[in-house]
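Every read-out reported here was derived from the displayed coordinates using simple, explicitly stated rules and does not represent laboratory data. Note that the structure is predicted; figures quoted are calculated from it, not measured. Cβ coordinates were reconstructed from backbone atoms using ideal geometry, including for glycine residues, and neighbour counts include every protein chain displayed.
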Amino acid sequence: MKISRNTVSILLPLCVLPCAEAKQRPNIIVILADDLGYMDVGGFASRVTGTAPAQMFYQTPNIDAMMGESLCFSQAQVSQLSSPTRCALLTGRNPATVGFTTALPMRETWYHLGLTPPAGGYIHDVKEHYDNIPIQTAWLNAVSNSAIPAGTQYDNGRRVEIIPEIIKGYHSAFIGKWHVGGFGAEGYRPMDRGFTEAPAWFDAGGSLYFSWAGGWEQDIKARFPLSPQQKIVLGNPGGKPRCEYLTDDLTAKALEFIDRRAGQSEPFLLYFAHFAIHEPLQAKKSDEEIFERSPNKGWGGHANVQYASLVKSLDDSVGAILEKLRQKGIEENTVVIFLSDNGGIDAWVTPQRRGSNIWPYLGGKALLFEGGIKTPLIVRWKGKIEGGRWCDVAVDACDLLPTVMELSGDDPGRLYKKGGIDGRSWVPLFKDTESKRGKYSRREFYWHYPFNVAYLNPVDGLQLTPHSAVREGWLKLIFDWHGRLYLFDLKDDPYEHRNLAAQQPETTRRLFGKLVEWLERSVERQYWPVVNPKYDPQKEARKEVPFADLVRGYRMGKDVVGMAVVPDMSRLALPKVPEYPKQ
C-alpha cells in the first residue's frame, strides 16, 4: 500500500472537530527522521545554494510546503549519531551526561550478560565497542550507555524522566525507532517510560524495510542466557503489517492513531521516530524508477537512487500526516515539529561509499563538523506561528523537552534549576526569531564522541579519532583527541572552510579550557577515552600529526595551542566537490 495524499483523502472519514478543552492545549506531533541531512531537504538546500528545489535530485515537496507554513531553523544542532540525539530529545539533557556517547548496534551490556559492571559503571553500558580500524590508535575507546535510567532495581536509585512522564493530561504514543532502551530491557521500553501506547516500536539502530516484522518480535534470549529477563524481544511490529514497506506501514499506524484521538477531550502527543533514511538503502521499485529517469541526477553530487527513494518515502509520510490533520480539522490545534537525529550519510566519509553529499558542509553522520550535527528543524502551528520565516539562533536537541512542556501549558522553568535539564524552550523564538528579548538564553553547546571509528575524517582521509566540541555563540571549537584543534566562526564561515585556531590563540585556549572543564564536571570517566599503553609513535599513520595529549597538557598548565596541530582546511582529503554560490 502506498501512502499518498490521494490515499489519505479516500480513507479518511470526516470527523467532528476537537472540543474546546482540547483546543486550549494543542496536540503535539514530533516527526524524527533518521540520518536525513541538511542538504537532503529541498527548502534547506535551496537557501544554501540558491537552486530551486524542483531542479534538485532529491524531491521533498511536502516538507518544502510545510516550511512555507512554519518557522524554520538554520542553526539547529543535534548529536552526531542516533541514540545520543534521542536521549537529548526525550530528557532535555546533554546525552553525554547520561552516558550516551554513541549509537550502538546490538552489543553485550552488563545487564544482558548477567554481570556486575566495573566500579563506577552502569549496568546498561556496553562491555566494549570497537570498529575494525586498520591503523593503530593513540586512544582506547570509551564505552556508551544504551538505556535511559528508569528507576528500576538496576538503576541504584537513578531515574531520568522523559517527556511523557513529565507532561500531564496528554494521551501519548510512540511509533518507530526507540534505540534508548538497553536493547529490549524490561522497564526501559516505550510503555514502561510513560507512553500511553506504542503501536509499533523497535529498540535497535536500523531495520529492514521489507519483511521486517519477524525480526522485531524475535526472542534473542538464547544469545544472552544469563540475562535476568525470561525473554528478550527488541520490539513489537503492532500485529500484521498494514503495508509492505516499513515507512508506509509506520505511517499508516500514525494515521490510525490520529484518527482515533482527533476530537477527544484529552490532547495527544505523538512521537513518530522514522527509520527512514537509515541503512539498509532498500527502496520501493516504483520510487527507484522515478529517480533512475530523473534529469537532475547528479545535482550537488546527489546520485544514489536508493537514497533518493528513501527520502521520497519520508516526504510522502510527512505529507500524509499533514493531510490527515487537515482532513480532521485539527491543523490549527496541532503543533508539528520535524527534525533529523544527525547529519546525512555522507558517501565520502562512510567506508561503504553509499549515501549522499553534504558539501558545502563538511563531514556527515558521526562527525562533529557541521555536516554531522546540523539538522533541518521545522515547527508548524498553523494560525499560531507565522510561516515562511527563518530563525538563525543556535538551538539544539535538548530543547525539545522544555518546548513540549511549555506548549502543553507546563512551566519548564521548574527544570532549569542546577541539576535539572540543559535545554531551553523554543517557544519565545516563535515570535522573537532573533531572540532580541533574550528569552531563549542558551549560548553554549557541547558534544563528546570518545571513539575511534571507521568513518573517515575529511581532513586526512583516515579513520576518525575521538572528538569533542563546544559552541559559544557563533564560535565553535572542535577538539580532536589525537592532538588537533579547529576554531570556526560559523557566522562568517558556516561551512568550516577556515580554521582560525592559530590566528586566534587566546579564544582557542579559552574555549578549550571551557570544554575540558565541562567534561570534568559533567561526563563520568567510563565515557572518556583512555591513552593506549601500546601506542608506538613510530607506526603512526598520520605522519604530519604527532600524537599530543592536550587534556594532560592543559592540566599541567601547558599551552595547548602550541602543543596542537592546527589543520589547514584548504588541504582537505576530499575529492572534487560541487561548487555552489554563496548565500
Legend entry - P(r) weight above 14 Å for region 192-240, C-alpha pairs, percent: 57
Inset, instruction - Report the equivalent ellipsoid semi-axes for region 443-583 in whole Å, largest first, defined as the square roots of five times the eigenvalues of the gyration tensor built from alpha carbon atoms. - result: 23, 20, 15
Inset, instruction - Enumerate the calculated ³J(HN,Hα) couplings along region 478-495 in order (Karplus 6.51 cos²θ - 1.76 cosθ + 1.60, θ = phi - 60°), each rounded to whole Hz, writing x wherever the residue is Gly or Pro. - result: 10, 10, 8, 5, 5, x, 10, 10, 10, 10, 10, 9, 5, 6, 8, 9, x, 9
Legend entry - Rg/Rh for the chain, where both radii come from Cα atoms and Rh is the Kirkwood radius: 0.95
Legend entry - Rg followed by Dmax, in Å, when region 404-465 is reduced to its Cα trace: 18.0, 50
Inset, instruction - Counting only C-alpha contacts under 8 Å and six or more residues apart, can you give the relative contact order of the chain as a whole percent? - result: 23
Inset, instruction - Normalise the Debye intensity by I(0) for region 117-247, one equal point scatterer per Cα, no solvent, then take log10 at q = 0.16, 0.19 Å⁻¹ and round to two decimals. - result: -0.94, -1.18
Inset, instruction - In whole angstrom, note down how far apart the Cα centers of region 381-395 and region 46-103 are. - result: 15
Legend entry - Ranking of Met569, Met556 by count of other Cβ atoms within 10 Å, fewest first: Met556, Met569
Inset, instruction - Find how many whole Å separate the alpha carbon centroid of region 222-257 from the alpha carbon centroid of region 284-352. - result: 23
Legend entry - Value of [θ]222 nm, deg cm²/dmol, for the chain, DSSP H segments ≥ 4, -39500 (n - 2.57) each, nearest 500: -6500 deg cm²/dmol
Inset, instruction - Within 10 Å of each residue's Cβ, count the other Cβ atoms and sort Arg471, Arg47 from fewest upward. - result: Arg47, Arg471
Legend entry - For Thr109, residues with placed amide H under 5 Å, excluding near neighbours: Lys127
Inset, instruction - Hey, can you grab everything whose amide H is under 5 Å from the amide H of Ser70? Only 5+ residues off in sequence or another chain; H modelled, so Pro and N-termini drop out. - result: Gly388, Arg389
Inset, instruction - Taking the Cα centre of region 443-583 as origin, work out the dipole magnitude from +1 charges on Lys and Arg Cβ and -1 charges on Asp and Glu Cβ, in debye rounded to 20. - result: 140
Legend entry - Most positive-pole-ward Cα, Tyr495, Leu475, Thr465, against dipole of region 443-583 from beta carbon charges: Thr465
Inset, instruction - For a footprinting-style exposure proxy, rank Arg552, Arg542 by other Cβ within 10 Å, fewest first. - result: Arg552, Arg542
Inset, instruction - For Glu332 and Lys285, calculate 0.36 nm times their separation in residues minus their Cα-Cα distance, and state this gained length in nm to one decimal. - result: 13.3 nm
Inset, instruction - Would you grab the residues whose amide H sits under 5 Å from the one on Asn499? Only those 5+ places off in sequence or on another chain, please, with H modelled 1.01 Å from N. - result: Met569
Inset, instruction - With a ≥ b ≥ c taken as the square roots of the eigenvalues of the C-alpha gyration tensor of region 361-413, please select rounded if a/c is under 1.5 and otherwise prolate if a/b is larger than b/c or oblate if it is not? - result: oblate
Inset, instruction - Between Glu517 and Leu226, with labels modelled 7 Å along Cα→Cβ, what's the label distance in nm to one decimal, could you check? - result: 4.4
Legend entry - Proximal aspartates and glutamates to Lys543, defined as alpha-carbon separation beneath 12 angstrom and excluding residues fewer than eight positions away on the same chain: Asp460
Legend entry - Proportion of all alpha-carbon pairs of region 25-97 beyond 16 Å (%): 59
Inset, instruction - For region 488-540, just say rounded, prolate or oblate: build the C-alpha gyration tensor, square-root its eigenvalues into a ≥ b ≥ c, call rounded for a/c under 1.5, and beyond that prolate if a/b exceeds b/c, oblate if not. - result: oblate
Legend entry - Pairs from Lys384/Lys431; Lys253/Lys328; Lys168/Lys431; Lys374/Lys439 whose Cα-Cα separation, in the structure shown, is over 19 Å: Lys168/Lys431; Lys374/Lys439
Inset, instruction - List the extent of the Cα atoms of region 366-509 along each of their three principal axes, largest first, rounded to whole Å. - result: 49, 32, 31
Inset, instruction - Once you have a ≥ b ≥ c as the square roots of the Cα gyration tensor eigenvalues for region 218-340, tell me rounded if a/c is under 1.5, and otherwise prolate or oblate according to whether a/b is larger than b/c. - result: oblate
Inset, instruction - Write down the Å³ per residue value for the convex hull defined by the alpha carbon atoms of region 127-181. - result: 139
Legend entry - Kirkwood hydrodynamic radius (C-alpha pairs) into Stokes-Einstein, region 301-391, 4 °C and 1.567 mPa s, D in µm²/s: 86
